[in-house]
1. DSSP loop (so not H, G, I, E, B), at most 16 other Cβ within 10 Å: list which trypsin sites (Lys or Arg not before Pro) in the range 134-221 pass both filters.
2. With the cut-off at 1.5 for a/c, could you classify the range 118-221 from its C-alpha gyration tensor as rounded, prolate or oblate?
3. Could you rank the peptides 68-79, 86-97 by their average count of other C-beta atoms within 10 Å per residue, with the highest value first?
4. What percentage of the solvent-accessible surface of the range 72-129, computed with a 1.4 Å probe over protein heavy atoms, is contributed by carbon and sulfur atoms?
Amino acid sequence: MKRIAWLLAGGLLASTLGACTVLVPDPPEPAPSTLPTPDLLAELPPDCPRSGGVAEPVGISPGTEAQIAADLLAAAGDWVNAGTAMITNEPEWADPGLPGHCLGDLAEALGRIHGSALLTGNGDETLGGFQAEMVEENLANLQAAHGQGSATNARRELALVQQSSQSDSGTFLDLIVRKLDNRSIQPSGMEEWMVIVVPQGPQNLVFHLETKEAAHGFFSW
């Protein structure tokens, strides 16, 4: 499957060389919204709270390669911080006596919600590893938020676009990304993201997403 992903990436690069890019106005910012509480919390075990709500995930809109890269990293940040505001603002979730498994169950539920908004269901084998990584980071942030009493703001920032191409088939991105932990202004690591995003209806969804430690070390700019 990894060979298929690279063949698709090569096709995207080749088709872009002979194509012209038509600039279009940026789409309007989506209005913030929340998922109804039962949609998220009904699947949690009965001894976990039912109060509160979390922000609805925003996926990747059609746009330029730079816009798609920005949407992707914003979605990753939303995912790893998801639910941290709820568990600090809702008394039942902030309760020190919260059953220990509830944060793990919440992270799994959030993973399914954010995963379905970002990742295509027929993607390659890299998506399972990425989703597991995001769920693990989200759980760590939920635990940190519950302990410190405030939401987290872990995030990833674009350092460099090494390669990119776009065609009717989708978008290929090779990105260097800074990883910043909660409340930190210094990168905790640098990652290389190899991404293939494909159009599905009005949205774009990720077909391939492979991350690894960046060989370039720490960028200072």
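The values are calculated or read from the model by the stated rules, or taken from the named source; none is laboratory data. Note that the structure is predicted; figures quoted are calculated from it, not measured. All Cβ positions, even for glycine, are placed from backbone atoms using ideal geometry, and neighbour counts span all protein chains on display. The accessibility values were calculated without ligands, DNA or RNA, using every heavy atom of the protein model including side chains. Shrake-Rupley method; radii C 1.70, N 1.55, O 1.52, S 1.80 Å.
1. Working: sites: R155, R156, R178, K179, R183, K212; in loops: R183.
Listed in order of number, the matching sites are R183.
2. Values: a/c = 2.28, a/b = 1.38, b/c = 1.65.
The shape class here is oblate.
3. Highest mean packing first, the order is 68-79, 86-97.
4. Heavy-atom surface of the range 72-129 belonging to carbon and sulfur, 1.4 Å probe: 52 percent.
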